[in-house]
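Report on the structure given below.
The values are calculated or read from the model by the stated rules, or taken from the named source; none is laboratory data. Given the structure is predicted, the values throughout are model-derived calculations rather than measurements. Using ideal geometry, Cβ is built from the backbone for each residue, glycine included, and neighbour counts are taken over all protein chains shown.
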Amino acid sequence: MKFSPREFRSQADAALNDRTLQQALVRARSGFVNKRAKAVAALPEFEVLRAEASAIRVDALNRLPDLLEQFEAGVLAAGGQVHWATDAAEARRIVVGIAQQREACRVAKGKTMVGEEIGINPALEAAGINVVETDLGEYIIQLAQEPPSHIVAPAVHKTREQVAELFAQHHRRDERLAALSGIPELVDEARRVLRETFLSADLGITGGNFLVADSGSVVLVTNEGNGDLSATLPKTHIVIAGIEKVVPTMTEATTLLRVLARSATGQPLTTYTSVFTGARRATDETGPEEFHVVLVDNGRSAMLASELRDMLRCIRCGACMNHCPVYGAIGGHAYGWVYPGPMGQVLTPWLLGPERAPDLAHACTLNGHCAQVCPVGIPLPDLIRAMRVREHESHVNTFAERWVFQQWTWWAKRPALYGWALRAKARWLHRLARPGSALRRLPVWSAWFRGRDLPTPQGRTLRDLMREKLRGAR
Amino acid sequence: MSSRERIFATLYEAVAEPVAMTHTRPRLDDDLIALFEHNAQATAATLDHVADEAGLPDALANYLASTNQTDVGIAVAPGIADLFPALHSAPIQPDATHPGAEVSVTGCIAAVAETGSVLMASGPTHPTTLNFLPETHVVIIRTNQVVAHLEDAWVMIETMPRALNLITGPSRTADIEQTLQLGAHGPRRLHAIVVAG
Ligand code: SF4
């Protein structure tokens, strides 16, 4: 299945009409929201930690080049190598280059969102290298040839029946698999198949949740243990990470860890929190012989210099999408690319260019719930609004839209006239609507009304009411 | 200009002032051992206690018998092999034809009360594979290894090894219908034997 951020509207329509997807979304939404709420309630210090986590990320971004230099020196000192990629194409070239040099045939891959962002799998496959996703969710969507629909739970849109069908198609053990329907059996089946992958892979690729500057370490969190097996068994371990991921020391990483899993899955900590520093030591019996870190810019340094800078604080917990009413209604695929939900509404237009994602910034009610739960205090609604301004300035919205805004601006700059017109309009709408019901259509506005109702105007404007109230108060 | 130089040139233009920071640790109950045990059990780990090291082989045998794991390959971390003198350790590093041990027995660097986690450091005495490949991971913890916070565990590390593994319960996934299932890729069971002293 192919999705594209340019097709947001049609994808959202399709999602709203997809029964199975709607069931999955309802289940996922309440699951994530409740688990986070419980975890937050169980930690009295959560809000303090959240403020500290925000400060840690702001501080790290403020002195990013220094921290990156320190991190690089640390990796080198521990016997690893660091590669810098300005864009996705360069990142792909670097990773494929390492794989080819090591004559790798098979890659065991842990979940990495930046890996999705740069499109590393197709690049490796084009070079004749077999790539196996080892995170269960990623594995499922790899079999289904779909992009992830959630950054924490990539296959959250799939039902167990769909997973059983995929395994039956791909694992070629028909009779036994036909009977596989329970979740434990499905997980076991994946464990069995993927264990062979781990043992035969000659290259492991993982992401990194945090880069620790003072020791040159990469912190990786997973629940399944697949990231660790990918990082430990193959001869070469490559970490792909965005340049914004760096923090000064393990102390700061610890605060972020305390808010990350609670915000993501409601766990105090994920099952595995691993810290990788360099390749295996001379006396080690296990571990990779080579350790590479590929640091990806791909628009991040430019974002840092822009008004969207705060987006780079993101620690990819997924809370913003879990609490977003729009995401909850349409799911992740409708957004058309790697990053769904509120964070994606800022990242996708930035990374791909607003003309390739013209509708994303508008799929938002500015209700602010995402910013309330974001563990690093990213003002997402402000950034989404800033993205709208950017789109307006870069002329990607339609002529009609621009015309409407120009008209509105003309009136809004003349408050007296605006107030008069508003009062006239409210009275007119009031007469038009049947009392107690909502307005369902208006001439010329049919497109706007397709997805919306307008509550019946009461005939008076907010200004009128305020004036009256103030008079009453006096 | 190299890619590195180009990235840094843009980054240096966006540099700003450092931010003043505080660092808060969650407040914890005083009884760290009880707290560790409570939190470890909350992550679906199981627990046992022995009075001294001499009791370990029996405790291990009892645990394995109680979970129907008799006649299994056991890999003991070289660092604690002398605690189980009668055990013949199975090979640690499997290959595609040899599945390796079903049970691993290791020590740890520290046990963290705050989260019920155990911290492992890779090295010749503790190969990382022991933490991930077996079906069952048995961890020997001395009560004096229990620390309060995560920060207290990190300071036990003098030089960073290749891999630090902070382990909080057995492997799990909720990737199918958000339903929690233990034993995704790593151990299905994490059993801690706490030794007094
Ligand atoms: S924007 Fe905030 S809430 Fe959303 S994924 Fe990033 S850190 Fe989490």
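Odds and ends about this structure:
- Matching residues, the stretch A:371-411, being within 22 Å of residue A:117 (Cα to Cα), within 16 Å of the ligand (Cβ to nearest atom) and in a helix (DSSP H, G or I): A:380, A:383, A:384, A:387
Quick grid of which residues meet (1) over 15 Å from the mean Cα position of the chain (by Cα); (2) surrounded by fewer than 24 Cβ atoms within 10 Å (Cβ to Cβ); (3) among the charged types (D, E, K, R):
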site: B:153; (1), (2), (3): no, no, no
site: B:165; (1), (2), (3): no, no, no
site: B:179; (1), (2), (3): yes, yes, no
site: B:184; (1), (2), (3): yes, no, no
site: B:189; (1), (2), (3): no, yes, yes
site: B:194; (1), (2), (3): no, yes, no
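- Cβ-Cβ under 7 Å pairs, at least 6 apart or on other chains, the stretch A:372-383 side more than 19 Å from residue A:265 (Cβ to Cβ) and within 14 Å of chain B (Cβ to nearest Cβ), far side more than 6 Å from the ligand (Cβ to nearest atom) and charged (D, E, K, R): A:377/A:50
- Each residue in the stretch A:30-50 was checked for being surrounded by 13 or more Cβ atoms within 10 Å (Cβ to Cβ) and facing another protein chain (nearest Cβ under 10 Å), and 9 of them qualify.
- All positions within the stretch A:361-370 that are within 18 Å of residue A:46 (Cα to Cα) and either assigned to a loop (DSSP other than H, G, I, E, B) or near the ligand (Cβ under 8 Å from one of its atoms) (or both): A:370
- Scanning the stretch A:383-399 for residues that are modelled with pLDDT under 80 and either in contact with a Cys (Cβ under 6 Å, 6 or more places away or on another chain) or loosely packed, with under 13 Cβ neighbours inside 10 Å (or both) gives A:395, A:398.
- Considering residues of the stretch A:267-282 that are within 20 Å of residue A:81 (Cα to Cα) and outside any strand (DSSP E or B) only, the residue farthest from the other protein chains (Cβ to nearest Cβ): A:282
- Residue match in the stretch B:130-148 (condition: at the interface with chain A (Cβ under 7 Å from one of its Cβ atoms), surrounded by fewer than 24 Cβ atoms within 10 Å (Cβ to Cβ) and farther than 30 Å from residue A:154 by Cβ): no
- Boolean, residue A:29 is at pLDDT below 95, over 20 Å from residue A:278 (Cβ atoms) and not assigned by TED's automatic domain parsing to the domain that holds residue A:242: yes
- Residue that is nearest to the other protein chains (Cβ to nearest Cβ), among those in the stretch A:298-321 that are within 7 Å of the ligand (Cβ to nearest atom) and not in a helix (DSSP H, G or I): A:318
- Any chance residue A:24 is assigned to a helix (DSSP H, G or I), facing chain B (nearest Cβ under 9 Å) and in contact (Cβ under 8 Å) with a residue 40 or more places away in the chain: yes
- Residue in the stretch A:322-333 that is touching a helix residue (DSSP H, G or I) at 6+ places or on another chain (Cβ under 8 Å), within 11 Å of chain B (Cβ to nearest Cβ) and either among the aliphatic types (A, V, I, L, M) or more than 14 Å from the ligand (Cβ to nearest atom) (or both) present: no
- Selection status of residue A:250, more than 7 Å from chain B (Cβ to nearest Cβ) and without any contact (Cβ under 8 Å) to a residue 60 or more places away in the chain: no
- Residues that are more than 7 Å from chain B (Cβ to nearest Cβ) and over 26 Å from residue B:9 (Cβ atoms) were ranked within the stretch A:283-297; the one that is farthest from the ligand (Cβ to nearest atom) is A:289.
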